[in-house]
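Reading through the structure tokens given below for one structure.
Only the coordinates and a few stated rules stand behind these numbers; no lab work does. Please read all numbers here as calculations on a predicted model, not as lab measurements. Cβ sites come from the backbone with ideal geometry, for glycine too, and all protein chains shown count toward neighbours.
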Amino acid sequence: MSDKDFEFDLEDIIAEFNDYSIPEPPQRRRRKSAPEQAPEASAPAGPPAEEAVPAAPLAEEAAPEEAAPEEAAPEEAAPEEAAPEEAAPEEAAAEEAPPGRQEPLMVMDPSHAAPGREPEAESAPEGEAEEEPEDEPEGKKRRRKKKKRRAAPEEEAAPDTAAPAAKAAAKAALAPKKDSLGKRLGLGLLSLIFAALSLLCLGWSIGNIHPETTTVEDARGNASADIVARLNNSVFNSKADALSDIAYIRKQYSIPEEAAVAPAPNPDGYGTVSIDNAEAVLEVIQKARDSGLLDGQDVIFDPNCTFYYDSDIRYYCDDTILVICWKELIDGFTCSCVEVKIADASQLRRKITDDTFGSPLRVFASELSNSVNAVVAMNADFYMFRDFGIMAYNRQLYRMDDSLYTGMYKKYNCVDTCFVTGEGDFLFTHRLEERSWEEMQQYMRDNDVLFSISFGPVLVENRELKECDWYPAGEINTGYSRAGIGQFAKLHYFYMSLNHSPERAARWTVNQFGREMYNKGLINAYCLDGGQTSEIVFRGQPYNYIDFGAERGVSDIIYFATAIPESEVTK
Amino acid sequence: MNPIAIYTGEITIYWSGILIGIAIAACLSLTLALYPMSGRHNAAVWVMFPFALFFSVVFARAIYWYCHIEQYASIRDALLDYSTGSFCIPGVIIGTWLGALVARMLNVTDSAGRLLDAAAPGMALCIALIRLSALFNNSCRSHIIISEKIFQHLPVAVAFTDSAGNVNYRFATFFVEFLLMLLVTVLLLVFYCDHRDDRLRGGNRGGNVARRFLLYYGAVEIIMDSTRYDSHLFHFTLIKSLNPYASFISVGQVFAAATILGVLIHYLHVSVKARGWKWYHVALLLVYIGTLLGVGYWGEYKVQRTGMYARCYIIQSVSLLVMVWVVSVLYRSCRAKRKRRRA
């Protein structure tokens with residue numbers, strides 16, 4: 001840059017100095033933002049001292065040129081501005097203007113708006129687009145630009161005289177509207193009234209909105225206390241204790257119906273046996289037989305069956321319960337089996353989540369099992385997954401919807417229902433059997449029904465195999481994981497589940513599954529929810545291989561528990 | 001902790017009720033503070049509030065009744081007796097929206113969208129505090145068991161004692177949601193201060209903050225609802241054949257997904273209307289469909305089936321973030337240029 005680049009015009013400089021004689025803080029800030037330009041602008045040291053004064057305004061003028069992009073920077077850099085944007089149409093005049101808020105009137109010239117760029121309404125006024133003579137010296141160009149910039153605010157301050165009348169009208173519309181006193185009073189009064197109403201609502205909310213603090217139904221409400229039976233047991237056990245030195249008398253235990261949790265099992269009662277040493281389980285069975293638990297009954301467990309190679313046999317035995325779990329290969333499919341003999345019917349129990357009918361909770365069967373001290377537990381009907389069938393729990397009838405399901409079936413009688421009685425027996429009602437709510441309650445009272453399971457169909461009834469062609473639950477005719485529970489003898493039960501195994505997917509129809517249950521010699525058998533739901537939980541852990549390799553949250557389980565109180569186990 | 005705060009024989013006040021009262025008051029206060037920033041009179045907020053509260057309670061309860069229809073003799077019982085049962089948050093959003101509409105119909109505001117914009121941060125704060133109240137009523141339920149001792153405390157886990165007296169630690173779903181909704185509140189406040197005057201091309205200015213709230217709320221709710229074991233699930237009374245397929249789908253998640261989809265459709269519509277179909281519209285839609293697969297199949301379905309929480313929830317979270325990004329980009333593409341304000 002040579003000195004000739006600055007053709008100093010003294011008058012211009014003085015005029016400029018006068019313009020800037022009143023310090024303007026924003027401009028001072030700008031000068032700081034462009035420090036590099038200042039020495040360059042004051043470079044011509046030759047001029048006299050009074051001429052050097054205008055160097056500062058020159059630097060000030062140089063700074064805004066550099067600062068102009070910085071002005072745009074915050075918006076350019078804002079994430080919202082990074083999106084592909086095209087030129088905005090001239091919409092400003094039609095823009096909605098909130099009352100009471102003064103928006104600057106900005107009419108954007110579409111010719112200045114380039115795709116992807118902000119319109120430079122402030123830094124590039126309309127006049128800037130004028131053509132400049134090419135041969136004009138650089139210094140003159142700068143001065144001309146300076147003048148234009150100085151003139152620009154004045155132009156903006158004074159609206160374009162050529163602006164259409166619409167602009168004025170729009171500006172008038174944008175001007176703050178002053179509400180009348182009456183209107184303001186009205187709004188104030190309205191606010192006051194609704195504020196009082198709001199406070200009332202708030203107070204009501206505090207008193208009434210408290211979700212999940214109480215349950216809708218107490219499922220234990222109808223459980224029988226049966227104090228006489230408990231007293232009898234107590235007297236009998238006292239006798240047994242008193243005569244224990246003379247003779248062995250098997251004690252009688254039961255779990256109170258209303259008890260939410262069963263006694264914890266004795267850890268010493270558990271055992272695991274390798275499938276190569278399956279005969280060892282016979283010793284446990286013999287022990288149960290000797291204690292009178294088996295009541296002379298045979299067992300289903302056969303140490304000579306084909307066990308699944310990657311499995312073991314687990315058992316639990318005390319004076320009130322014998323449980324054996326094993327995995328057997330049937331037709332090449334892995335079936336997980338559980339045989340249970342209990343001393344008292346109260347040891348066969350059902351647990352629903354939250355102990356509340358209709359609870360939305362879905363908990364893993366293993367967690368439910370642990371929460372009730374079950375020795376062994378299995379899935380039931382997953383009653384919250386579907387809303388048909390008959391649902392009874394703790395002697396109370398909860399669900400029996402007689403609305404039409406499909407065809408001639410009603411929701412309550414479209415499936416077979418299994419009722420478990422106070423004696424531990426299975427009773428079935430069949431599809432299309434008509435009953436009213438009252439008749440069903442009477443049926444439950446007559447048969448001492450504790451709870452029901454609604455899935456089905458019935459697989460075996462009175463030692464007869466039942467086959468089924470159509471059923472609304474369980475996709476019975478397709479190959480699928482299956483689960484079922486059956487009764488082998490008095491207080492003697494068998495549960496089997498066919499699941500996927502790492503080697504082979506489960507592929508049995510319900511009728512195939514029913515035949516295998518029948519082959520076990522059961523009196524009664526009933527199909528439970530299959531698929532990923534079918535699960536055996538032994539000692540708090542899943543025993544079978546569950547489909548997809550993970551437990552699924554369910555709403556209920558059936559479980560077997562020991563009846564020996566923890567106090568006696570400690571003794 | 002005892003859930004009852006005050007018991008006087010006839011009156012029982014629960015801690016959760018107090019927390020919810022504070023939540024509602026906080027929502028109201030924040031709305032009252034924000035609404036005048038748009039140059040409008042607070043009368044609209046006062047008028048909206050009782051209606052919004054009324055509709056919120058009714059809808060939140062009605063949705064709960066629909067999900068647990070067997071617990072009540074009729075919908076009348078569910079709506080009149082609040083001593084038992086629970087509520088569904090989606091009803092609060094519907095209720096607030098209706099409250100704003102009523103205020104608009106009564107002509108106390110010129111824009112229901114502007115009113116909802118001012119209410120959006122308050123609603124996020126309200127939901128955050130409602131979730132916090134779950135710590136006081138033992139309903140902070142997650143099916144994720146936290147077995148690592150180092151994580152067995154807030155904010156990750158909360159102790160849960162089962163009926164047999166076993167203590168296990170579960171993921172503190174509601175507490176984490178409380179924290180996330182607090183974050184959403186802050187984001188919405190910033191968005192409200194910076195962008196409340198944003199105008200869409202060919203559209204009005206109002207409603208963008210409210211849409212942003214729906215977007216963030218939807219993203220948070222989808223993943224947090226997935227971790228709950230007491231989700232409110234669909235069931236159909238008319239088309240019963242759908243029940244076997246719908247009985248594991250959460251109403252909260254579907255509502256949340258619908259809010260995100262609704263916001264996406266709105267911005268897509270405005271953007272296409274203003275610019276016509278562009279390549280990036282198609283690209284964004286394809287990305288959105290991809291995120292749907294991530295959220296729905298690789299996230300939700302897989303986590304229900306396989307229980308692989310870490311993997312599935314990471315996929316779901318990333319998909320949801322991308323989903324939010326897609327909607328945000330669409331929003332930017334249809335936003336009219338902001339004019340620089342003069343000093």
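Assorted remarks:
- Lys pairs, region A:224-354 - Cα-Cα below 22 angstrom, 8 or more residues apart or on other chains: 6
- Across region A:185-201, rounded Karplus estimates of 3J(HN,Hα) from the backbone phi angles (6.51 cos²θ - 1.76 cosθ + 1.60, θ = phi - 60°) give 5, x, 5, x, 5, 4, 4, 4, 4, 6, 5, 4, 4, 4, 4, 4, 4 Hz, Gly and Pro being marked x.
- Measuring how big region A:521-571 is from its alpha-carbon positions, Rg and Dmax come out at 15.0, 43 Å.
- Region A:435-571 - convex hull of alpha carbons, volume per residue in Å³: 170 Å³
- Lys pairs under 30 Å by Cα in chain B, provided they are eight or more residues apart or on distinct chains: 6
- Over region A:332-434, volume per residue of the alpha carbon convex hull, in Å³: 151 Å³
- For region A:310-320, Karplus couplings with θ = phi - 60° (6.51, -1.76, 1.60), whole Hz, Gly/Pro x: 9, 8, 9, 10, 10, 8, 9, 8, 9, 5, 10
- Basic side chains Lys and Arg get +1 at the Cβ, acidic Asp and Glu get -1 at the Cβ, and with that the dipole of region A:304-385 about its Cα centre reaches some 160 debye.
- Projecting label points 7 angstrom from Cα along Cα→Cβ for B:His153 and B:Ala246 puts them 4.6 nm apart.
- Rounded to the nearest 20 debye, the dipole size of region B:153-240 about its Cα centre is 420 debye, using +1 on the Cβ of Lys and Arg and -1 on the Cβ of Asp and Glu.
- Computed from backbone phi, the HN-Hα couplings of region B:43-53 come to 4, 4, 5, 4, 5, 5, 4, x, 5, 4, 5 Hz, rounded to whole numbers (Karplus: 6.51 cos²θ - 1.76 cosθ + 1.60, θ = phi - 60°; Gly and Pro given as x).
- Out of every Cα-Cα pair that chain B contains, those further apart than 26 angstrom amount to 54 percent.
- Between A:Asp268 and A:Thr421, the FRET efficiency from the beta-carbon distance, with R0 = 22 Å, is close to 0.10.
- A dipole drawn for region B:4-333 from +1 and -1 charges on Cβ atoms has a positive end, and of B:Val287, B:Ala159, B:Ala103 the residue lying farthest that way is B:Val287.
- Mean separation of Cα contacts under 8 Å (6+ apart) over length of region A:415-494, as relative contact order %: 32 percent
- Unit charges at the beta carbon, dipole of chain B: most positive-side option, B:Phe213, B:Met37, B:Tyr301: B:Met37
- At most 16 other Cβ within 10 Å, DSSP loop - chymotrypsin sites (Phe, Trp or Tyr not before Pro), region A:270-347: A:Tyr309
- Between the residues A:Tyr308, A:Phe428, A:Leu282, the greatest Cα displacement towards the positive end of the dipole of region A:264-570, with unit charges on the Cβ of Lys, Arg, Asp and Glu, is found for A:Phe428.
- Values of log10 I(q)/I(0), in the order q = 0.07, 0.10, 0.12 Å⁻¹, for region A:264-570 under a Debye, Cα-only, solvent-free model: -0.24, -0.51, -0.74
- Of B:Ala283, B:Ala134, B:Ala120, the one that fluctuates the most in a GNM where chain B has Cα springs shorter than 10 Å: B:Ala283
- Test item: Cα-centred dipole of region A:264-570, Lys/Arg +1 and Asp/Glu -1 on Cβ, debye: 520 debye
- GNM top mover of B:Ser56, B:Ser83, B:Ser226 - chain B, alpha-carbon springs below 10 Å: B:Ser83
- Both radii are taken from the alpha-carbon atoms of region B:110-182; with Rh as the Kirkwood radius, Rg/Rh is 1.19.
- When the Gaussian network model of chain B links Cα atoms closer than 10 Å, the mean-square fluctuations of B:Ala128, B:Ala78, B:Ala103 top out at B:Ala78.
- Label zone at B:Val318, where the point sits 7 Å out along the Cα-to-Cβ direction: region B:242-284 residues whose backbone N lies under 15 Å: none
- Database remark: amide H of B:Gly207 closer than 5 angstrom to the amide H of B:Arg114, B:Asp117 (H placed geometrically; neighbours at sequence offset of 5 or more, or on other chains; Pro and chain starts carry no H).
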